[in-house]
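Just below is one structure, and these are the notes that go with it.
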Amino acid sequence: MESFAQNPSQLHAQSHLQALEDESIFIMREVAAEFERPCLLFSGGKDSIVMLRLAEKAFRPGKFPFPLMHIDTGHNFPEVIAFRDYRAAQLGERLIVRSVEDSIKAGRIVERPGQDNSRNRMQIPTLLDGIAEFRFDAVFGGARRDEEKARAKERIYSFRDSHGQWDPKNQRPELWNLYNGRIHKGEHIRVFPISNWTELDIWQYIATEQLEIPSIYYAHRRPIVIRNGLVLPISDLLPALPDETVEERTVRFRTVGDATCTACVESPAATPWQVIEETAVTRITERGATRVDDKVSEASMEDRKRAGYF
Amino acid sequence: MDLLRFSTAGSVDDGKSTLIGRLLFDSKGVFEDQLEAAERSTVNRSAGPIDLSLLTDGLRAEREQGITIDVAYRYFATPKRKFIIADTPGHEQYTRNMATGASTADLAIILIDARYGALVQSRRHTIIASLLRIPQIVIAVNKMDLVGFSQARFDEIQRDFKPFVDQMGFTGVQWIPLSALSGDNVVTPSAVAPWYTGPSLLEHLETVEIAPIDVRDDFRFPVQFVIRPNLNFRGFAGLLAAGTLKVGDEVLALPAGTRSKVKQIHTHDADLAVVSAPRCVTVLLEDEIDVSRGDMLVHPQRMPWVKRDFDARLVWMDATPLDVTRPYLIKHTTRTVRVKIAQLLYRIDTNTLEHVPATTQQLNEISRVRISAAQALYLDSYDANRTTGSFILIDPLTNATVAAGMVVADQPGEDQGVATLSRIDRAAREAHNGHRAQAILLAGTSRDAQSQFAHALETRLFHRGAQVLVLDSESAKGDVAVLTATVRLLLGAGLVALIDLPLDKRAERDALRRSLGADDVVEMLIEAPEFTANSDFQRPVLADCTIGLRRGGLDAATAQAVTWLADHGLFGTHRVVSPGAGI
């Protein structure tokens, strides 16, 4: 791993990235050709940034045959939201934002009281409302199968019934590159073009494509507390508990989800190549290091997906 | 670093999940928190401290019932390769899931329990891997720790099973004695089995040669999506499924039958001068021809089969059995059309490979069927090309994917005519006649002129001593099979057949050329100037020779045609060969 981490030019010879890229481009074009109203979920996070580059590769010099949509949890890192708007404007593509905050005000969602007010689950109604509002029949997500055990069993075209639900026991067989996108009215398909990418692939792609990503993915100083073995960034959304000591450390984020439950990792990595070196030797998964909510039960992701999570 | 996709076959009892867990664990493809979760888990089906199979079984029901429900994809990388594992369960849904995993696999691992040797199930797994044309297999004799790593036992298993495996037509077979539980020969070579000098499983996976996708020149480019941002850019986006494409190459667009040349091979990074399969590119052509999604750009001389009726192997994947009275949808490359299963020829017994008569096909069964499609498909055999030889069937009512199909290499003949019992062969007749048997496809820019030319050429050839006959293609009523059978009969009789076919019947022309063979068919374009002057006229790019026909100039035109035919060996010892054929 180290040899190519230190020698960027060798990466171009890496046929596995080319193969992954081709697979993803093929999937995006297939969806654009077979669905009437697709959309691409863009959060400003690194996986969805890779998705946008893949969409450029699939459709330029044309415009994207779909808008971008972000489900704003209201619990975001400001750097990521700023990057989201910057990137959408730079590409000249349409960005739709639907917010959990609005759904709460409209009484569509009730916040759970107490300390654990993660909005991972709360964004589900907002997402489903957004899909219904624009009558989207295919929704691109940047999920990867290496992230989590339930995702490892999900198809690239993930069929959702009229309630947005995933039924893991009743998935369509997926053979060769022949994707079955036929649906009835009201149903839709979640499409995961980067299913077969790993965290390391994403970073290698960011490095070779020289993709800009929000600054918080790289090392920076930040006030943190250590809670349950996780390094938690302290902010208005995630205050320190009375008995906790706030320290400033050099950290970076491996994922940038809900700011109330996304941990960071201590790291001096300031470039994509340094992140790759770290990723190649890390012994902890991306979600394991950073997601507080996935630890709730052995099947928390599966349960969220069944309810309509992407 | 390249990419190897492999699938695993074997039941829970064979220790398949444990093997994968071991492979991930020992190659550091598993992370500490995943291991912790397995340790924390309330279920432990293994004898050891950690149930490695829990690393792969992702769903609640699987953990609770101790089974693997569905295909799971796992990823790991070593400095040499990146690996994608399709982990398929071994219980009753086996065939369906294995087909799914195998469809993209370069290699399959077949697990055998060292205590029991090859069982009926091992034979079935091997047969399915073979039917699905996975090029490489590994026979992993697992649980060697339970037989004391006995070489005699391993040799015995190999002696029993090897003759069977060797007749299955795999490109490569590797036998490895191992223990997933103890890790021997999984990642590191075993110290307890010094008699085995071959590679560990991981070493083999890292070094086994991945068969390159075919590099033949007969490229296939199914058009996926048309990119048309402005009047200056009209690109056909798609995945080059076979062969190599260069700027300047002549391409034939199916089904239109029009030809053009590659003007530009666009990618977002840079234009390419040449591209080889499998790559996603956007192709721009020299001419404004009508091409859309579902069409295919192909090599003009090396076409796929253009067929509505064809034979295929079918793996049934739905709980509702095949119903030969119902319509289905076929998705083949980027084309989706309605089909019927015209005939269920037989079922293939996956334990014995025997052909079993059948009236229906149930979940997990494999059969051979004759399919009849509402529109022509552009097919290769699955053996020749996984992309243009594969398809799925969809139930139009439930939208479920009900079957996976593979086009077979031995297609039924298209002959529908009367067979001949003659004992005088074609070569003898050709020698007797003093000329080659030859089909000449006429294409005229004016139907009347073409028809007049056909009769005039027949007369001129006849006076020159040739046995010749004009065929009215329209009397075949669009049935290519009848036309082909008739022409084949005439060629067998040593005749020159002049086929008067309207210019726009491109599919018929191509089918005729394909089923008769390039050597037997020559295409002659009759150009009448009053029509070519018309701006609407689209000049066919093809034709082996072009004859200019002025008003009142039939004599000159037929003389020119006969000279061309003579120059190209009609009356000689060499067959008339169209310039583009046989490249």
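The values are calculated or read from the model by the stated rules, or taken from the named source; none is laboratory data. Since we're looking at a predicted model, the values are computed, not measured. Heads up, the Cβs are rebuilt from the backbone with ideal geometry, glycines too, and the neighbour counts pull from every protein chain shown. Accessible surface is based on the protein model in full, side chains and every heavy atom, while ligands, DNA and RNA are left aside. Shrake-Rupley method; radii C 1.70, N 1.55, O 1.52, S 1.80 Å.
Between region B:280-306 and region B:150-194, the C-alpha centres lie 47 angstrom from each other. Annotation: peptides B:359-366, B:484-491, A:45-52, ranked by per-residue average of other Cβ atoms within 10 Å with the highest first, follow the order A:45-52, B:484-491, B:359-366.
Shielding value for B:550-561 is 0, the average number of Cβ atoms from other chains within 10 Å of each residue's Cβ. Using Cβ point charges alone (K and R +1, D and E -1), the dipole size of region B:220-298 about the Cα centre works out to roughly 140 debye. Under 5 Å between amide hydrogens, built in the peptide plane, is the criterion, and for residue B:108 it picks out B:7, B:136, B:137, B:138 among residues at least 5 positions away or on other chains. In this structure residue B:370 has an accessible area near 70 Å², from a 1.4 Å probe over the protein heavy atoms.
Mean per-residue shielding of peptide B:268-279 is 2, counting Cβ atoms of other chains within 10 Å of each Cβ.
The heavy atoms of residue A:184 offer some 90 square angstrom of accessible surface to a 1.4 angstrom probe.
The alpha carbon gyration tensor of region B:421-490 gives principal lengths a ≥ b ≥ c with a/c of 1.5 or higher and a/b no greater than b/c, which makes the shape oblate. Each peptide in B:424-431, B:185-192, B:218-225 receives the mean, over its residues, of other Cβ atoms within 10 Å, and ordering these scores from highest gives B:218-225, B:185-192, B:424-431. Centre-to-centre, using Cα atoms only, region B:313-365 and region A:72-112 are separated by 48 Å.
Of the peptides A:202-212, B:101-111, A:157-167, the ranking by mean beta-carbon count within 10 Å, highest at the top, reads B:101-111, A:202-212, A:157-167.
Of the listed residues B:393, B:471, the order by accessible area with a 1.4 Å probe, largest first, is B:471, B:393. The residues of region B:305-407 expose on average 35 square angstrom of accessible surface per residue, using a 1.4 Å probe on protein heavy atoms.
Please state the shape class of region B:426-567: rounded when a/c is under 1.5, otherwise prolate if a/b exceeds b/c and oblate if not, all from the C-alpha gyration tensor. Oblate, because a/c is 1.5 or more while a/b does not exceed b/c. Remark: the residue B:233-residue B:479 segment gains 84.7 nm on full extension, using 0.36 nm per residue and subtracting the alpha carbon distance.
Extending 7 Å from the Cα toward the beta-carbon at both residue B:409 and residue A:220 defines two label points whose distance is 6.0 nm.
Heavy-atom accessible area, probed at 1.4 angstrom with all protein chains present, ranks A:100, B:226 as B:226, A:100, highest first. By the gyration tensor of its Cα atoms, with a ≥ b ≥ c the square roots of the eigenvalues, what is the shape of region B:305-407: rounded for a/c under 1.5, prolate for a/b over b/c, or oblate? It is oblate, given that a/c is not under 1.5 and a/b is not larger than b/c. Label separation (residue A:228 vs residue B:261): 6.7 nm, computed from points 7 Å beyond Cα along the C-beta direction. With the simple spin-label model, which puts each label point 7 Å out from Cα in the Cβ direction, the residue A:167 to residue B:210 separation comes to 3.6 nm. Would you work out which of B:222, B:260, B:282 lies farthest towards the positive end of the dipole of region B:220-298, given +1 charges on the beta-carbon of Lys and Arg and -1 on that of Asp and Glu, about the Cα centre? Looking along the dipole axis, the top candidate is B:222. Taking the charge dipole of region B:305-407 about its Cα centre, with +1 at Lys and Arg Cβ atoms and -1 at Asp and Glu Cβ atoms, the residue from B:392, B:373, B:357 reaching farthest to the positive side is B:373. Ranking A:246, B:468 from most to least accessible surface, computed with a 1.4 Å probe over the protein chains only, gives A:246, B:468.
Evaluated over the Cα positions of region B:158-267, the convex hull gives a direction-averaged projected area, one quarter of its surface, of 12.5 nm². Taken residue by residue and averaged, Cβ atoms of other chains lying within 10 Å of the Cβ of B:102-114 number 1.
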